[in-house]
Structures are given as structure tokens and as C-alpha cells.
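Everything below concerns the one structure shown next.
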Amino acid sequence: MINKNYKWRALVFNPLVVIVYGIGCYYLSLFAKYGGIRLRVPIILIIFLSLLLWFIGCLYWYMINRYEKNTKEKKPSYHLNRFSQFIFLLSVTSLVLITLATGKSIYESGTHLNGRLAFVIDELVNKRTVPFKHDNLYQEDLDGLFEDLESKIDLPKELYIDNHFELTFNKKGEITSFYSFLYGLNDKSEKKTFLIDYDRSKSKKINVVLNGFTHSTFNETARLQPLIDGIKHLPIKETVKDWDEETLGIYYTGYRNWGYNDSSIRYFDKSGMTFPIKSTEEEITGYTISVYTPNEPSITPIRFIDYSLIRSSLQEKVAIDTHETNEDETVFLTERVGYQLKVADAALGSRFYVLDQTTDGGETWATINPDPFLGEIGISSGITFITKNLGFIGLSHSGSDYAELYRTADGGRTFKKLTFPAVEIPLADTKEANPFDFPGVPYRENESLFLQIGQGENSDYHGGSQVLYQSDDDGKTWKYTAEIK
């Protein structure tokens, strides 16, 4: 090792090269984490092209001097050679460590959606675009839409909706947008999900995101097929012909329970005949297709129920789903600290809860609040903790017809019920009402908290739209921001 001439090697891999390489790797890590083609890519290219030119120049100089005749290489002194060896080994070690650290950083940015690179990889693997050719609802129903999807994607024979299916179209029947999260079992009995989204004003292609996640089970009340079949038979064009609106909509959430409210509900059969409900002695349930005007709330939606698909077993299932969901809800703030709304008692479809906490990852739980909802009973509608002190819990009432939100600032020891500025909307008889009475749980963005408030089970204003509220004081007070359709 000592006999080798390290002077040239130390020159090639000198500390300045290490510093420049480190800066380039730093910007490369930032690019993988945050993106920024215009801001970071030019710097990365300049740095690594400069290093490439440096190594090419050094190689050229080495080859020239190696084969140059009559060139006598004078060996460096012993101490200079040892110093050069030290510089060379230090530089190489630094380069290896920088490379490993950069590789680790890029790997982390490319996994678990931790960075911009992960989103790019996720889009390449899980996102598809499908040309939308059969876009006329009057001519092709929904068969054309799914025919286009199946030209690029293998769809399960039976599809289910995770939340809702929403579609808008114009007076000509041309579909202008739709959105839904679908799932089903493929031929290998594997659960597959499909987030489908289309906006004609932005693109002529359908965006499909694959391999998502859903807790939903294969419940018959969430079948999509009744919507596809129903659109074939319903007189959609005749229903909307007298509505002086260019944008029209269809909203579907599967098998619904309307209670005894028969307002604007019509039955229909396979022949396309529609007829009103004659008796409301029993709760009105069925696969419901709502036709409405997204931009004009004063026009009452028409809700069509397929009479041939009404089943007593499904009626019972809707009742079960309405009154017996969310037994114990759990959220973890860290890997070890978590909170749980635990059912302590039940009566007549409602629950009484206590709030438990774990500090060992769920191995053991201890009650920290025996009455978090201040004496109220119902069905829990959500729980979240933003910090170890700040948290929110929700409680729904009347079969998920409305809900309330509670806030704690001391880690769950005490709670206060929150109120929100009402969003009044005009009704056809000049009265006003606030349909937004089912708050979710807040989430933090930058320095503010945001909260979406939806509608109860028996309301579908604007196709089930929600409103967005913002808080700048950790959820003490809230202000209305926008309506989300």
C-alpha cells in the first residue's frame, strides 16, 4: 500500500469533489422528497455534469501521461504520499457514506407516500387513464361508460360502492363528470378497488386509481348493478326536460332507508313505468337513484326506487346498518399511545361510551373519561387526536340523521360540545334550513384545522354535498369556508 503513488488519486478524489458531490446528493434527496423540477433539477444537472467532466478530464490527463514517451515520473516523498493516501481514503469513505445516506433518503421518499417520488411511483403503478367514448347517458346508459373502462381494466363481475356514485350530465345527455370508489372480487377472490373520476372540462379521459384500501364488506345494500340496470329503465330525459338547468345530476348510495318520508319518491319497474307510493305504513327502503340539479337547490330531487328489488331481508339489513355501527372506535396518536371510545352500555339502538387510553400499543387500556359525551347517548361517529392534548369525538343520533362534535384540550379528561355557524339554504316555499348537520372529524393543514360537515342519512341536498369549516384557534371556534360537491 505504501509503495503505491496516491498523489494522483488524491487529486482526482479531493475534498472539493466530495463537497460538490455531497451538495448534489443533498439536492437529489430534496428532489425525491419534495419534487421541484424547475428549482432543483438544473442544480442537480450542473453539479453532476461538472463532476462527470472532471473525471473525464482526469482520465484523459492520466492516459496522456501514462503513454507519453520519455516521461519520467518523479515519485513523491514518503510523507507526501502518506498524506495523499489519507486524503484519498477519507474522500472515498466520505463518498460511500454520502451515497448510502442519499440512497436511504431516496428510498424513504419513494415508499409509503413519504415523498414526491412515492407519489410518482404510485401513479405509474396504480393510475390508469381510459378514453371516454360512450359519453351519452341517453343513448348508451351507463353500459357505455363501463364498456370503456373494461377496454383497459379488468373489472370484477359484481361491483360495490364504498360511499356513493355521483354523475352530472347536460341537457343533451352528455356526461360531464362522475366520481365513485368501487370495489369487488376478481377471479382469484382478491379484493380490488377502483377510484374512478372524470371531469369533461379538464380531460376527455377517465382517471382510474387502482389498489386502494377500504374497510367496506361485500354488503348487498352497496351493490352497483341496481344503478346500472335502473338507468336503462328510468325515463331520465323526460324527468329533467322541464327543468331549466343545463347541469343535471344523478346520485346513488345503494339501498337506503327513507323512514316514512315519501316526499318526491317514486317507484319504478322493469318496463320503465313510474308510480307514487300509496302507503307509508312501513318504512320506505330500496335501491334509490336520485335525479337532481346540482346548481339549483330550489328544484326538489326526484328519487326513484326499483320496486322489484325491495326485499324484507335488505330492509332489516338497512336497519341493522343504521343502528349498530361503530361499536368501538380506536385511534393511535403514536405507535404506543392510543384512544378508544368503548361501549359501556346499550339500549334501543343507542350506546353509552367511555373513553379509554393505552400507552403500550394496545396491550392494556385504562378509562380516562367515564362520560365523554356529557350524558348523551347515540352512535359514535368518529374520533381523532391531533396532539396528546387536543382531540375530537363525534356522536350521531336518530339513526345517523344528525351528529354532534366534542372537543378536548386536556387529553380527553374533559370535553365540550362544539357549535358551528349555520349554512342556511333556501327551500321552495321560501323557508330556510340547514341540511349540514353531520360533522366528521377535523384534520390539520399547516397552522389551521379543517372540518367537513355532511348531511344526515335522510338528506341529499346537492347530491349529498358537504361544507368545509376552518379553525385558527385549535378548534375552539369555526368559520364557514366553502361548499364541497
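The set of residues in region 219-260 being under 28 Å from the mean Cα position of the chain (by Cα), at pLDDT below 90 and assigned to a loop (DSSP other than H, G, I, E, B) consists of Asn219 alone. Identification of helices (runs of 4 or more DSSP H) wholly contained in region 111-155 with 2 or more residues that are buried (at least 16 other Cβ atoms within 10 Å of the Cβ) and within 17 Å of the chain's Cα centre (by Cα) yields 116-126.
Per-residue answers, yes or no, for (1) surrounded by 16 or more Cβ atoms within 10 Å (Cβ to Cβ); (2) at pLDDT 85 or above:
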| position | (1), (2) |
| --- | --- |
| Thr322 | yes, no |
| Thr325 | no, no |
| Glu329 | yes, no |
| Glu335 | no, no |
| Gln340 | yes, yes |
| Ala346 | no, no |
| Thr358 | yes, yes |
| Asn369 | yes, yes |
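Look through region 355-370, keep the residues that are of a type in the set (A, V, I, L, M) and closer than 11 Å to Leu341 by Cα, and return whichever of them is nearest to the chain's Cα centre (by Cα). Among residues in region 355-370 that are of a type in the set (A, V, I, L, M) and closer than 11 Å to Leu341 by Cα, the one nearest to the chain's Cα centre (by Cα) is Leu355.
Yes/no matrix, rows are residues, columns are (1) polar (S, T, N, Q); (2) within 45 Å of the chain's Cα centre (by Cα); (3) in the same structural domain as Leu11 (by TED's automatic domain parsing); (4) modelled with pLDDT under 90:
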site	(1), (2), (3), (4)
Ile44	no, yes, yes, no
Glu68	no, no, yes, yes
Pro76	no, no, yes, yes
Phe86	no, no, yes, no
Gly103	no, yes, yes, no
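Examine region 199-218 for a residue that is outside any loop (DSSP other than H, G, I, E, B), over 30 Å from Leu113 (Cβ atoms), in contact (Cβ under 8 Å) with a residue 12 or more places away in the chain and in contact with a strand residue (DSSP E or B) (Cβ under 8 Å, 6 or more places away or on another chain), and state whether such a residue exists. No, region 199-218 contains no residue that is outside any loop (DSSP other than H, G, I, E, B), over 30 Å from Leu113 (Cβ atoms), in contact (Cβ under 8 Å) with a residue 12 or more places away in the chain and in contact with a strand residue (DSSP E or B) (Cβ under 8 Å, 6 or more places away or on another chain). The residue that is farthest from the chain's Cα centre (by Cα), among those in region 371-386 that are surrounded by fewer than 21 Cβ atoms within 10 Å (Cβ to Cβ) and of a type in the set (Gly, Ala, Ser), is Gly375. Starting from residues that are of a type in the set (S, T, N, Q) and within 13 Å of the chain's Cα centre (by Cα), keep the ones in region 195-218 and report whichever is modelled with the lowest pLDDT. My answer is Thr214. Is at least one residue of region 183-198 of a type in the set (S, T, N, Q), closer than 27 Å to Tyr267 by Cα and assigned to a strand (DSSP E or B)? There is no residue in region 183-198 that is of a type in the set (S, T, N, Q), closer than 27 Å to Tyr267 by Cα and assigned to a strand (DSSP E or B).
The values are calculated or read from the model by the stated rules, or taken from the named source; none is laboratory data. Keep in mind that what you see is a predicted model, and the values were worked out from it rather than measured. Every residue, glycine among them, receives a Cβ derived from its backbone with ideal geometry; neighbour counts consider all protein chains shown.
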